[in-house]
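The values are calculated or read from the model by the stated rules, or taken from the named source; none is laboratory data. Predicted model, so just to flag it, every value in this text is computed and none were measured. Surface accessibility is based on the protein's heavy atoms, side chains included, excluding ligands, DNA and RNA. Shrake-Rupley method; radii C 1.70, N 1.55, O 1.52, S 1.80 Å.
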Amino acid sequence: MHTRLYYYTGTGNSLWAARQLAERLDGEVSLVPLRADCPLPDTPCERNGLVFPVHMWGLPRRVVEFAGQFAGQPDGYQFAVALNAGQVSASLLQLQALLQARGLPLQAGFGMLSPSNYIIWNGAEAVDKQQRLFAQAEQKLDRIAAIVRDRMVLPIERGPWWQRTFLSIAYRFAFPRVAGMDKDFWAEAACNGCGLCTRVCPADNIQLESGRPVWQHRCEQCLACIQWCPQQAVQFAQKTAGKQRYHHPAVSAADMMAPIQQTVKTESGGSHFA
């Protein structure tokens, strides 16, 4: 059995979850990043999973675009994991509708709590809370893996009615404006022109000009540029200075920039990333 796990990530939460899930699944598992600079496979696969964060109470633009060109098959098994800081809202229902419009089922969809990385509102959460969330996530990933192995069809997980109603309205209002929100990013004098922000950005939205980052107005608000800056020089308006940065402690900047990674199961059940 071959499984593809497509993941979209800005600060590593979804990459970590995809890796953890890959270790729990049977057969061969390919990890495919949803990045502007990484082509998607053009051949179908028996099982397909999509691991992504909830942005602005709905799907990130990259995930919306993926759903519109996903090379699935009607008799395949599709599932999704939506990482969120407490508001999964109607994200998975939105994905289900996009896939159904192309004749593809979403047999299972799961919400999963993870540490918030939206530094515009709050800095990094306390380490002990992060660890509790990671432990809870691992337990849920155990259950998800068992469901996927058996190709079970389950109701799509969703937030309470008020999330699906009011937060979905907020998402529809915010979504067209997200790309231009990068007008408020800027770099302090501490920026040394290392260019890491340009390489971790999944939207290929940042260029260096005269050694300084310049945003290209196709932002997805993943905030990778802020969270991964080694000098903590990237800021958003006047809302992020002095706030504690966050990225998943088990994910490195090199992981964020890596091309397609593949987990190959051994006979003993272990795995390695190629």
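Looking at the P(r) of region 123-246, how many percent of alpha-carbon pairs lie beyond 27 Å?
Numbers: 3197 of 7626 pairs.
Looking at region 123-246, the distances longer than 27 Å represent 42 percent of pairs.
Once the chain from ASN192 to ASP150 is taken as fully extended at 0.36 nm per residue, the excess over their C-alpha distance is 10.1 nm.
Looking at the P(r) of the chain, how many percent of alpha-carbon pairs lie beyond 22 Å?
Details: 20869 of 37401 pairs.
Value for the chain (Cα pairs over 22 Å): 56 percent.
Rg to Rh for region 1-90: what is it, with Cα atoms only and Rh by Kirkwood?
On the way: Rg = 12.6 Å, Rh = 13.4 Å.
Result: Rg/Rh = 0.94.
SER116 exposes around 30 Å² of accessible area when a 1.4 Å probe is run over every protein chain in place. Taken per residue, the accessible surface of region 157-262 reaches 50 Å², heavy atoms only and a 1.4 Å probe.
The reciprocal of the average 1/r between distinct C-alpha atoms defines the Kirkwood hydrodynamic radius, which for region 88-141 equals 13.4 Å. Reported to the nearest whole Å, the Cα centre-to-centre distance from region 64-84 to region 89-136 is 15.
Dividing the helix sum by the residues of the chain, where each DSSP H run of 4 or more adds -39500 (n - 2.57), gives a mean residue ellipticity at 222 nm of -8000 deg cm²/dmol. Comparing mean-square fluctuations of PRO155, PRO202, PRO53 from a GNM of the chain with C-alpha springs under 10 Å, the top value falls on PRO155.
The calculated pair-distance distribution of region 50-188 uses every alpha carbon pair, bins of 10 angstrom beginning at 0, and gives 11, 37, 35, 15, 2, 0 percent.
Rounded to the nearest whole Hz, the Karplus-based 3J(HN,Hα) values (6.51 cos²θ - 1.76 cosθ + 1.60, θ = phi - 60°) of region 67-74 follow the sequence 4, x, 10, 4, 8, x, 9, x, with x at glycine and proline.
Backbone phi angles across region 21-28, fed through the Karplus curve with coefficients 6.51, -1.76 and 1.60 (θ = phi - 60°), yield HN-Hα couplings of 5, 4, 5, 9, 8, 8, x, 8 Hz in residue order; Gly and Pro are listed as x.
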